[in-house]
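Participant: Dumping the structure here so I can ask a few things about it.
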Amino acid sequence: MTDKTPQGWTFIDAGGDFRLPDPHRTSYLYFPLANETGLRSAITPTGNGDIKTGQHSFLTPPVSVEDLHNTRSARNFWVQIDGFDPWSATGNSAAQLVADSRETGYEAVTLEAGFLWQRVTRENRPRGLKATVINFVPSSQDSVELMSVTLTNTGSTPLHLTATAAIPIFGRSADNLRDHRHVTSLLHRTTCHRYGVLVQPTLSFDERGHQPNHVTYAVLGADQDGDAPVGFFPAVEDFIGEGGTLDWPEAMVRDLPAAAAAGDRVAGYEALGGLCFAPTTLAPGDSLSYVLILGILAAGESVEALLADYGSRARFDLWLERTRAHWRGHLSSVTFHTDDARFDAWMRWVALQPTLRRLFGNSFLPYHDYGRGGRGWRDLWQDILALLLTSDDDVSELLLSYFAGVRFDGSNATIIGSRPGEFKADRNNIPRVWMDHGAWPFLTVKLYIDQTGDLAFLLREQSYFKDHLSHRCQQVDADWHAEQGSALLAEPGEPYWGSVLEHMLVQHLTAFFNVGSAGNTILLEGADWNDGLDMAHHRGESVAFTALYAGNLHELADLVLALSRLDVTQVELASEVLPLLDTLAAPTDYASPQAKRALLASYFESVRHTVSGKKQPVALADLARDLAAKAAWLRDHLHSQEWIEDSQGRGWFNGYYDDDGQRVEGVRQAGVRMTLTGQVFTLMSNIASDEQARQIVRAADRYLLDPAVGGYRLNTDFGAVMPSLGRAFGFAFGHKENGAMFSHMAVMFANALYQRDLVREGWRVLAGIYDQSQDFAKSRIYPGIPEYFSDRGRGMYPWLTGSASWYLLTLVSEVYGVKGQLGDLLLQPKLLASQFDGQGSAGIQVLFAGRALDIRYHNSGRLDYGEYTIKAVRIDDRPLPVDLHDGRALLSRGALLRLPAGQLHRIDIQLGAAPGESL
Ligand code: G1P
C-alpha cells in the first residue's frame, strides 16, 4: 500500500514500552499475549490473530501468517454514526481500508505495547472519532483475553453512535479448519447470555472416537458501567447477510436490528460474538468505553465469575495494572546498562523470549503453524539456560524430571507435555532420533551446577523413558506393551533408577560409539540441531555435533573429578554401561568404525527391553580418564581429518557427511561449501587451535558474512537440492535452514568466539543481529530477535527462538563476564571500550546465590578489551578480599551468602591498565 520507509518503533520508557506509528502499514506483524494458565493469543495491529488454549480449543479461527492479511475474521468492533458508512475501531472495514489507502492522513494510527499488552489508537479525522483499543491476557487463573474499546469524540459536534462487537467464534480444534469445518459447525450450540454469546459444541470431533465436549467459548461484553448489550448476532450468516463479508457486513451497512435477544439459542451454525450495545450520544471531548471478555471456559467455570472479575472498566484497569506489574517483575532480575539505552531496553524483550517459548512451545503463533503444542527436547533444555540466569527459583526438580525422558539407548522422548513426566516419542509418531539431543542437557546441567554449586545434583536418581522403540529407533521392541507404562523396568519388574550423571553418560557414550564409516564421526540419524538435515539417516554424519560431544566429554571428565569435593570417590553405574567405558577393561580400536559399532550393538541388545538392575562402582579417576581419552581421540581425529583450507590460507572444519558417505564441505569447482555449524562447535570445544580459530573467522568473513541480512549465513549456496542431505536444501537459498542468517547458530558462533577470546569478532556478530533486528525499516519486527532474517532482511518467525536464551547467556557470561564457577562467582569482563558509557561505566544487574547484584565496571580511561584488568572489587562500598588473577576476580559463594538477602547489593569493579599496557 505504501513504499515509504517506515518510521519504526521507539521506546517510550526504560522499562521497554514502545510506540510504533502506522503499524497497519507493515504486514505480518503480530504480538503475543499469554498467561501461565494457558491462554495464548496472537494479535496484529488490526486485531487479527487468534486466541486458544491448545491445539483442540481455539476460540477464534486459527491463523497462519498469510491469513493475517487474507482473513476477515478479526476481533472487530463496529461504530455506526448516523449518516455515515459503518467504521471499524480496529481498522477492519472495507470502505475504511479503501479510504485510508487513498487519502493521506485519513486515519492516524499508533500502536503502543509493553509487557504484555497492546494499545492501538486510531483516529478517523474526517469524522472526529478516536478509538483506543487495548488487549491483554490477565496474569490470573482464567483463560481469557480482555479487550477494551474507548471511543472519544475529537470533533466539535455531538456524535450519535451505536457500537457492535463482532468477533467470530470458532470454538473447536484447529484440525477442523481443513477437516470437516462445516460438519463441526453442526455441533455448535450457541446461547445468548445476557452479557454475550456462548458456544458449547456437543462433541469434540474425532472420527477415531468422538468425545462429549465440556468446553465453552465465550465473547462477553459490557459498557464502562457494566451495562449489558441490548441484542446479539450469534450466527455469522445473519450478520454478514447474503453476499456480505465480515469487513462489510449487511447488518452494519444496512443498520439491521439485532438478530437475537438474551436467552435466544441458535444451533448448528458458524458462531459470532456479535454484541450490540445501546445507542448513545457522545459530546465533543467526551469518551466512553466498552469491555470485552474473550474466554475459553473449562467444565464448571462460570460466566458470572468472569463478569464479576473483569466485566467493567474499573476491573479492566485493575487487571491491566496487575498484569503489567507481573511481567515487569518477572523481567527485572537481569538488566543491562550500556552506552546505548535502546539496546538496554531491547534486551528486556530478548529476556522475555525464553518465557514466551515456555508458554507457546514452538507452536501457536502465526509463523509457527506446524506444531500441535508441547515442547521439543532441545528447546526445552536451552530455554532453561535463560531461566537459570533470570529466576531465583530452584529448578533442580524441573531438570530432574526432564531426565525421565532419556532412553537407555541414549535417545529420548522428543515432545514434552506441560506436566512433569509427560513425554511422547514424536508429535507425528514418526520414530526419529535427532543426534544432537543427547548433548544439550549437559550444557544446561553444567550451567545449573556452576550457578548453584549443587554438585550433588549429579548423583540424584531418576527413571528412564521406555516405549516400543529400541536401538535408537532402529528397532521395535515387540515385548513392550503400553500397559507397562513409560518407565524402563529392571529385571524384577520395578522401574530402574539411575543417577543424573549416569543418564548423561548414557547419552554421550552411546553417541561416541554411534559412528558412520565414511568419516568415523557420529551418525546424523534423523537430523542434528538443523532440523532440515533430515535425508541422510543411513550414512550421514554430523562432524559439527561430534565436536560438541567431544567438548562435553572433556568437561564431563572434569565434573566427575569435581565430585570428590563431596567426599565421593566412586559412583555406581548400571552394569550394562561398563563395557562402554572400554578403556578401563577391554579397549576398543577407535580408528575402526566397525569395532565401535559392534560394541554399541551388543550394548543395545543388553538394554533392548529391560536392564538387570545391577550396579557396579566405578572410581571417579577411572571414569574421568576414560571420558578424557574419548574426548582426546575425537579432538585429534577431527583435527587431522576434517580441516579444509582454500588457496588463500582461510580454513574451516567440514561439518557433515551425506547419505552417500561424501564429505559435504570444501572447495569445489562450482563454489565453496561451508557451514557455520561446523565451525561453532569446533571453536567452542577447543578443537580448533588459536590459529585455526583466526582462519575460521577469515573464511566465515569471506564466505558467510552478509551485512544485508545482519551477519553470518548458516551456509554458502550449495547450488543443489541435496536429496542425500536434507529438505533444507529444497528451500530457496537464503531462507530458514538453507543459508539464512539464522539467529540461533549465529549467536552460538558469537558465544564460541568470546570463549576463544575473539572478542571483537564475537561482538560484531551480536551487534549485527541487534542492528538488523532493531532497524524496523529492514526487519519489520517488534523489539526482540527473530529466528532468522529472510534474504530481503525481514525478521522471520519472531518471538519463539532459542537464540534469545543464548543471546542473554552470552551477554551475561561472556560480554559482561559474570559467570558461576561451581557456585562461586567469576567476574571476567570482555567489554570493548565502546560499550562503556561517557563516564566509563558499564553495568549489569543479575541474580546470583539468591542475591540481587548491581555489578558496575569502572573504566575511567575507556581502555579497550585486552588493555584492562580488574584492579579492585568493592561490595556495598566496602573493599572485598577477592581472588584476583589473570584479570579475573573470583568471589566466593560464602562471601555472597553473607550479604543480607532481599536487597540490591552494589559491586563496583575497578578496571585499570593491564601489566605491560601503557595508558
Ligand atoms: C528452530 C528450532 C530449533 C532448531 C532450529 C534449526 O530454531 O526451534 O529446535 O534447532 O530451528 O532447525 P530456534 O530459532 O527456535 O532456535
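The values are calculated or read from the model by the stated rules, or taken from the named source; none is laboratory data. These numbers were taken from a predicted model, which means no experiment stands behind them. Heads up, the Cβs are rebuilt from the backbone with ideal geometry, glycines too, and the neighbour counts pull from every protein chain shown. In case anyone asks, the SASA skips ligands and DNA or RNA and just uses the protein heavy atoms, side chains included. Shrake-Rupley method; radii C 1.70, N 1.55, O 1.52, S 1.80 Å.
Participant: Relative contact order of segment 809-919: what whole-number percent is it, with Cα pairs under 8 angstrom and at least 6 residues apart? Please report the intermediate quantities before stating the final value.
Facilitator: Working: 220 pairs, mean separation 32.5, N = 111.
Value for segment 809-919: 29 percent.
Participant: May I pose another question? Which one of VAL197, ALA165, PHE776 has its Cα pushed farthest toward the positive end of the charge dipole of the chain, where Lys and Arg give +1 and Asp and Glu give -1 at the Cβ?
Facilitator: PHE776
Participant: Follow-up. Would you mind working out the magnitude of the charge dipole of segment 156-234 relative to its Cα centre, with +1 at each Lys and Arg C-beta and -1 at each Asp and Glu C-beta, to the nearest 20 Debye?
Facilitator: Computed charge dipole of segment 156-234: roughly 220 debye.
Participant: Rounded to the nearest percent, how much of the accessible area of the chain (1.4 Å probe, protein heavy atoms only) is carbon and sulfur? Can you show the working numbers first?
Facilitator: On the way: 16120 of 33400 Å².
The nonpolar share, carbon plus sulfur, comes to 48 percent.
Participant: Then there is this: To the nearest 10 Å², what's LYS830's accessible area with a 1.4 Å probe?
Facilitator: LYS830 exposes around 10 Å² with every protein chain in place.
Participant: Expressed in nm to one decimal, what extension gain is obtained for the pair GLU66 and ALA670 from 0.36 nm per residue of sequence separation less their Cα-Cα distance?
Facilitator: Length gained, GLU66 through ALA670: 213.8 nm.
Participant: Peptides 696-702, 70-76, 650-656: what's the order by average Cβ count within 10 Å, highest mean first?
Facilitator: Working: 696-702: 20.0, 70-76: 22.1, 650-656: 26.0.
Top of the packing list down: 650-656, 70-76, 696-702.
Participant: Can you tell me the order of 686-693, 156-163, 705-712, 538-545 when each peptide is scored by its average per-residue count of other Cβ atoms within 10 angstrom, highest first?
Facilitator: Numbers: 686-693: 18.1, 156-163: 16.0, 705-712: 20.4, 538-545: 26.5.
In descending order of packing, they fall as 538-545, 705-712, 686-693, 156-163.
Participant: Helix hunt in the chain: which complete DSSP H runs extend at least 24 Å axially by C-alpha with mean Kyte-Doolittle at least 1.0? The partial results should precede the final answer.
Facilitator: On the way: long enough: 313-330 (25 Å, -1.38); 341-360 (29 Å, -0.03); 543-562 (29 Å, 1.16); 620-642 (32 Å, -0.38).
Span-like helices, by this rule, are 543-562.
Participant: While we're looking at this one, here's another question. In percent, how large is the relative contact order of the chain, given Cα pairs closer than 8 Å and 6 or more residues apart?
Facilitator: Relative contact order here is 9 percent.
Participant: Accessible surface of LEU282 in the full protein assembly, 1.4 angstrom probe, to the nearest 10 Å²?
Facilitator: LEU282 has an accessible surface of roughly 10 Å² with all protein chains in place.
Participant: Okay, next question. In square angstrom, what is the accessible area per residue of the chain with a 1.4 angstrom probe?
Facilitator: On the way: 33400 Å² over 919 residues.
Accessible surface, normalised per residue, equals 36 Å².
Participant: For segment 100-142, what is the charge dipole size about the Cα centre, in debye to the nearest 20, if Lys and Arg each add +1 at the Cβ and Asp and Glu each add -1 at the Cβ? Working shown, then result.
Facilitator: Details: 6 positive and 6 negative charges, 33 e Å.
It works out to roughly 160 debye.
Participant: If packing is taken as the average number of other Cβ atoms within 10 Å across a peptide's residues, how do 496-502, 589-595, 433-439, 451-457 rank, most packed first? Walk me through the numbers before you get to the answer.
Facilitator: Working: 496-502: 21.3, 589-595: 14.3, 433-439: 26.9, 451-457: 17.6.
The peptides rank, most packed first, as 433-439, 496-502, 451-457, 589-595.
Participant: Which one, GLY15, THR104, GLY241, is farthest towards the positive end of the dipole of the chain when Lys and Arg carry +1 and Asp and Glu -1 on their Cβ?
Facilitator: Highest projection toward the positive end goes to THR104.
Participant: Continuing with this model, one more query. Rg/Rh for segment 612-678 to two decimals, with Rh computed the Kirkwood way over all alpha-carbon pairs.
Facilitator: Values: Rg = 18.4 Å, Rh = 15.0 Å.
My calculation of the ratio gives 1.23.
Participant: Quick check on my link table: of LYS446/LYS630; LYS446/LYS614; LYS596/LYS630, which ones sit more than 21 Å apart, alpha carbon to alpha carbon? Numbers along the way, then the final one.
Facilitator: Working: LYS446/LYS630 19 Å; LYS446/LYS614 28 Å; LYS596/LYS630 12 Å.
Those over the limit are LYS446/LYS614.
Participant: Indicate the gyration tensor shape class of segment 1-151 (rounded, prolate or oblate), computed on the Cα atoms with a ≥ b ≥ c the square roots of the eigenvalues: a/c under 1.5 is rounded; otherwise a/b larger than b/c is prolate and the rest oblate.
Facilitator: Values: a/c = 1.65, a/b = 1.39, b/c = 1.19.
Prolate shape, in that a/c is at least 1.5 and a/b is the bigger ratio.
Participant: Excluding ligands and nucleic acids, what accessible area in Å² is computed for LEU578 using a 1.4 Å probe, to the nearest 10?
Facilitator: LEU578 has an accessible surface of roughly 40 Å² with all protein chains in place.
Participant: In addition: List the residues of segment 119-149 whose backbone N lies under 19 Å from a point placed 7 Å from the Cα of GLU103 along the Cα-to-Cβ direction.
Facilitator: Residues passing the 19 Å test: 122-131.
Participant: Rounded, prolate or oblate: pick one for segment 796-894, where a ≥ b ≥ c are the square roots of the eigenvalues of its C-alpha gyration tensor, a/c under 1.5 means rounded, and failing that, prolate if a/b is larger than b/c, else oblate. Provide the component values of the computation, followed by the final result.
Facilitator: Details: a/c = 1.94, a/b = 1.27, b/c = 1.53.
It is oblate, given that a/c is not under 1.5 and a/b is not larger than b/c.
Participant: For the chain, just list the percent of Cα-Cα distances falling in each 20 Å bin from zero outward, please.
Facilitator: Whole-percent P(r) values from 0 Å outward: 14, 42, 34, 11, 0.
Participant: Let me ask something else about it. For segment 166-291, what mean projected area does the convex hull of the alpha carbons give, in nm²?
Facilitator: Working: hull surface 35.5 nm².
Average of the hull's projected areas for segment 166-291 equals 8.9 nm².
Participant: Further, regarding this structure: What does the charge dipole of the chain about its Cα centre add up to, to the nearest 20 debye, if the Cβ of each Lys and Arg holds +1 and the Cβ of each Asp and Glu holds -1?
Facilitator: Numbers: 81 positive and 109 negative charges, 160 e Å.
Approximately 760 debye in magnitude.
Participant: Further question: Quickly estimate the mean residue ellipticity at 222 nm for the chain, helices only: each DSSP H run with n ≥ 4 gives -39500 (n - 2.57), and the total goes over all residues, rounded to 500.
Facilitator: After summing the helix terms and dividing by residue count, I get -8000 deg cm²/dmol.
Participant: At 0.36 nm per residue, minus the direct Cα-Cα distance, what do VAL721 and THR281 gain on full extension? Give it in nm, one decimal, please. Kindly include the intermediate steps, with their values, before the conclusion.
Facilitator: Values: separation 440, 0.36 × 440 = 158.40 nm, distance 6.44 nm.
Fully extending the segment from VAL721 to THR281 adds 152.0 nm.
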